[in-house]
Amino acid sequence: MNEQRKYIVNIQCNQCGERFILKGRVKKGKIETGFKKCLCDNEDEFEISQEELI
Ligand SMILES: [Zn+2]
């Protein structure tokens, strides 16, 4: 992944179904969004997809 690019990250909680759309950047091969956990306190059960911002 290109570290210069920005990404739109879609996160869907597998527990409550809440969706979050965040902007992220790649750091050390991972996308950083600052997202920590869902409103329902779920911290690791997510469906995540990302697309590159052009
Ligand atoms: Zn949730």
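Things to note:
- Placing +1 on each Lys and Arg Cβ and -1 on each Asp and Glu Cβ, with no other charges, gives the chain a dipole about its Cα centre of roughly 380 debye.
- Under 5 Å from the amide H of residue 50 lie the amide H atoms of 10, each residue being 5 or more positions distant or on a separate chain, with H modelled from the backbone and absent for Pro and chain starts.
- Around the amide H of residue 18, modelled in the peptide plane, lie the amide H atoms of 13, all under 5 Å away and 5 or more residues distant in sequence or on another chain.
- Fraction of alpha-carbon pairs over 13 Å apart in the chain - percent: 55 percent
- Here the simple spin-label model places points 7 Å from the Cα toward Cβ, and for residue 53 and residue 28 these points are separated by 2.3 nm.
- Once the chain from residue 40 to residue 19 is taken as fully extended at 0.36 nm per residue, the excess over their C-alpha distance is 6.4 nm.
Every number here is computed from the coordinates shown, using simple stated rules; none is lab data. Values in this document were obtained by computation on a predicted structure and should not be read as measured data. As a convention, Cβ positions derive from the backbone with ideal geometry for all residues, glycine included, and neighbour counts pool all protein chains shown.
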